[in-house]
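Have a look at the structure below, then the notes.
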Amino acid sequence: MRVSKPKKSVILKNVAYFLICVGIGWYLKGRLSPNYGANMGGQQEPYVLIQEVQAQDTMQAKEHIAHVEAINSVNLQAQVSGTIDNVLFKEGSFVKAGDVLFVIDRDRYQSTVNLREAELASAKANLTEAERNYNRQLTLSKQNIASKAAFDAAESAYLQGKAAVKQAEANLELAKIDLGYTEVTAPISGYIGKALVTKGNYVTTSSQVLARIVQVSPVRVTFSLTDREFLNLKEQYEIDSDVDMKAKITLPDGKDMIEDFSSRFADNEVSTDTATVSIYADFANIDEKLLPGNYVQIALFKGKPDTNVVIPQASLAQDEHGFYTFVVNGDEVVEERRLVLGDVIGSNQIVKSGLKAGDQVIIQGLQKVQDGTKVRAALIQPAE
């Protein structure tokens, strides 16, 4: 069989097609390359991530786990038996000492007071009659006209009348006390919880709690120190008693409160189980951020908090001259800053000099820039 040779025109056509494909491939590779702009003669501005420098409290005091407790709390209970007529508070609201919260069968106890008042009036009337009869018999007895038996009977009736009046007065006082108990009032100011007994239910003096009130301002924070830590704290405070003690309280959301550590006291013995001493500190809690039952962290220190500029360690670079970082100014131009560093706190670095709060440091893309580089920057928020 005879095989024909390909024509010269076909060969040239295939070669041209191959060269076109190779050219397209190199073109697409250049377009997708990060250095495409540079290869085309127009250098592209590098893209970096920046973060604003923060000034933070970098105090290194030892933290202790603490528990928030209410200084005052009360379980409301009925002092008289009867049906709940009214519930006069909004659940979860703040109530003041003296506010009426529940009303229990008031009409019935008011009727009892009315009855006791009538009994007292009757006893007083009987006493008046007995007193007149006694005075009459006393006069006749002095004149030797009345018999001894008649005088004794009059005297006895008079004394019994006086006792009956005192008894009636006591019964009336008890009835008024019970009437007062028909209005269950708040003995302290604080937040009241759920109404555990509602209108129409019958309650007794031994029945369940009606509601609970918890004081939140002021509030108490309790934590424990080892016996050695307690002695060291006591010694330091006695040496520098003129310096105010402060407490840094870290809330469950991670935010800090700085409070005076002045209203405090320690337990009167060391726990034999844990070899620790319980410390109790009362705080005004005006903003009501401390809630009874919460667990927080507390650290004690003297004087003012130690505030320093803090940056992520990812923003640091080093050469033979020491540590430095890059900041981006308002014109999005990179500036090199030489740094004097302090301690490391977690993933952050304390900067003693070279930066100020509000500077914007590069935290990603350091290798792409140098002093004076024009950049495109995206600001990110620091992690909480």
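With a Förster radius of 25 Å, plug the Cβ-Cβ distance of Val344 and Ala55 into 1/(1 + (r/R0)^6) and report the FRET value to the nearest 0.05. So, using R0 = 25 Å, E works out to roughly 0.90.
Summarising the amide proton neighbourhood of Phe323: residues at separation of 5 or more, or on other chains, whose placed amide H is nearer than 5 Å comprise Leu339. Within the range 106-181, the ratio Rg/Rh, alpha carbon atoms throughout and Rh by Kirkwood, equals 1.23. A simple rule links phi to the HN-Hα coupling: the Karplus curve 6.51 cos²θ - 1.76 cosθ + 1.60 with θ = phi - 60°, which for the range 150-159 gives 5, 5, 4, 5, 5, 5, 5, 5, 5, 5 Hz, with x for Gly and Pro.
Could you give me D for the range 228-384, from Stokes-Einstein at 4 °C and 1.567 mPa s, where the hydrodynamic radius is the Kirkwood radius over C-alpha pairs? Units µm² s⁻¹, please. Before the final figure, lay out each step's value.
Numbers: Rh = 19.5 Å.
Translational D for this selection: 66 µm²/s.
Between the range 191-212 and the range 95-142, the C-alpha centres lie 33 angstrom from each other.
Near the amide H of Phe102, within less than 5 Å, lie the amide hydrogens of Leu88, Val184, all on another chain or at least 5 residues away, with H placed in the peptide plane.
With r defined as the distance between the Cβ atoms of Asp287 and Asp331 and R0 fixed at 35 Å, what FRET efficiency is calculated, to the nearest 0.05?
Working: r = 41 Å, r/R0 = 1.18.
E between Asp287 and Asp331, to the nearest 0.05, is 0.25.
Every number here is computed from the coordinates shown, using simple stated rules; none is lab data. All of these numbers come straight from a predicted model, not from anything done at the bench. So basically every Cβ, Gly included, is an ideal-geometry build from the backbone, and we count neighbours across all protein chains shown.
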